[in-house]
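Novice: Following this message is one structure expressed as structure tokens.
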Amino acid sequence: MRNFNQAKRIVIKIGSSTLTHESGLLNIRRVEELVKVLADIKNSGRQIVLVSSGAMAVGVGKLGLAGKPGDMPGKQAVAAVGQCELMYTYDKLFSEFNHVTSQILLTRDVVDEPLRKQNVRNVFKRLIEMGTIPIVNENDSVSTEEIEFGDNDTLSAIVSVIAEADLLIVLSDIDGLYEEDPRINPHARLISEVHEITPEIESAAAGAGSNRGTGGMITKIHAAKIANANGVDMVILNGDHPRKLYSLLENEDIGTYFSTKSRQKHTNYK
Ligand code: GLU
């Protein structure tokens, strides 16, 4: 049974493929709807942290490139352009609803080192107390292979733990986790609730998902493991219509819910 009534602090993750059109340019209607819904959810008394991808995709679109550069400095440069555009857009739209945004850019080394991790924890706490909406991404313009998270699903799970969230909602371009890949078998059934991430669940996730980011279903399952092992519930929800967030928080049976209830805490994956 779902009951998100007490989920006070919520991390919402949105991926590049949900945020942008195939051209790489921002899907303005979707971003506007997302911001409006999040602003309203915050007005209702919940606390919001947004983990947003899209720096690279938006940078590629803004610079008019044919695709992501293959080399590291090129990727970093494109992300530096796109991150500005993303934050400009979020800040402008959230301001319309009287909300203050803040930006946190992370690399893996920051959360691997206890003192620096504590600093991140402190700043999240303070930014939330100040009433801001922290918007988080990987610091792609300085990130290199050794210090990257690799994908924002994992990043969002780590953020949900550090920010001491009650719930992580991963918005995807698919309704949730299916028993089989729905693009291969259109009759595949959506899994509503997962209490334990078994090998069957992991194999159901193999190969599913497609986007302009780096994640797929596998990285979402990995995120669920991190979140759940640390006591954070997680839901994979289709981000095509951000208004679905209302329905989800009203405990409607949509998406796939990875529940920490009736689960023994065992492995810590972080
Ligand atoms: N941090 C990357 C970006 O903003 C996205 C990583 C991902 O798609 O998971 O472009």
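The values are calculated or read from the model by the stated rules, or taken from the named source; none is laboratory data. Since the model is a prediction, treat every value here as computed from it, not as a measurement. With ideal geometry, Cβ positions are generated from the backbone for all residues, glycine too; neighbour counts draw on all protein chains shown. Just so you know, the surface numbers come from the protein's heavy atoms only, side chains and all, with ligands and any DNA or RNA stripped out. Shrake-Rupley method; radii C 1.70, N 1.55, O 1.52, S 1.80 Å.
Novice: Please report, as a whole percent, how much of the solvent-accessible surface of segment 113-196 comes from carbon and sulfur atoms (probe radius 1.4 Å).
Specialist: 48
Novice: If I stretch the segment between His187 and Asn43 completely, what's the gain in nm (0.36 nm per residue apart, minus their alpha carbon distance), one decimal?
Specialist: 47.9 nm
Novice: Using DSSP to define loop residues, name the GluC sites (Glu not before Pro) in segment 22-120 whose beta-carbon has at most 13 other beta-carbon atoms within 10 Å.
Specialist: Answer by residue number: Glu22.
Novice: Let me know the shape class of the chain, please: from the alpha-carbon gyration tensor, a ≥ b ≥ c as square roots of the eigenvalues, rounded when a/c is under 1.5, otherwise prolate if a/b is greater than b/c, or oblate.
Specialist: In terms of gyration-tensor shape, rounded.
Novice: Right, here's the next one. Return the percentage of antiparallel bridges among DSSP beta bridges fully within the chain, rounded to the nearest 5 %.
Specialist: Roughly 15 percent of the DSSP beta bridges within the chain come out antiparallel.
Novice: Sort Lys225, Lys244, Lys220, Lys68 by heavy-atom solvent-accessible area, probe 1.4 angstrom, most to least.
Specialist: Lys68, Lys244, Lys225, Lys220
Novice: If you place +1 on the Cβ of every Lys and Arg and -1 on the Cβ of every Asp and Glu, how big does the dipole about the Cα centre of segment 1-101 come out, in debye to the nearest 20?
Specialist: My answer is approximately 420 debye.
Novice: Could you give the length gained by full extension between Asn5 and Arg126, i.e. 0.36 nm per residue of separation minus their alpha carbon distance, to one decimal place?
Specialist: This chain segment gains 41.2 nm when fully extended.
Novice: I'd like the accessible area for Asp253, computed on protein heavy atoms only with a 1.4 Å probe and all protein chains in place. Round to 10 Å², please.
Specialist: 110
Novice: How much accessible surface area, in Å² rounded to 10, belongs to the heavy atoms of Val100 with a 1.4 Å probe?
Specialist: About 90 Å², rounded to the nearest 10.
Novice: Calculate, for the chain, the solvent-accessible area per residue in square angstrom, rolling a 1.4 angstrom probe over the heavy atoms of the protein chains.
Specialist: 46
Novice: Probe 1.4 Å, all protein chains in place: accessible area of Glu180 in Å², nearest 10?
Specialist: The accessible area of Glu180 comes to roughly 90 Å².
Novice: Further question on the same structure: Please report how far the C-alpha centroid of segment 139-206 lies from that of segment 73-108, rounded to the nearest whole angstrom.
Specialist: Between the Cα centre of segment 139-206 and that of segment 73-108, the gap is 22 Å.
Novice: At a Cα cut-off below 16 Å, give the aspartates and glutamates reachable from Lys36, other chains included and same-chain residues fewer than 8 away excluded.
Specialist: Partners found: Asp91, Glu96, Asp240.
Novice: Add -39500 (n - 2.57) for each DSSP H run of 4 or more in the chain, then divide by its residues: what number comes out at 222 nm, to the nearest 500 deg cm²/dmol?
Specialist: -12500 deg cm²/dmol
Novice: I want to check the label-to-label distance for Glu145 and Tyr88. Put each point 7 Å from Cα in the C-beta direction and report it in nm to one decimal.
Specialist: 3.3
Novice: When only Cα pairs under 8 Å and 6 or more residues apart are kept, what is the percent relative contact order across the chain?
Specialist: Relative contact order here is 23 percent.
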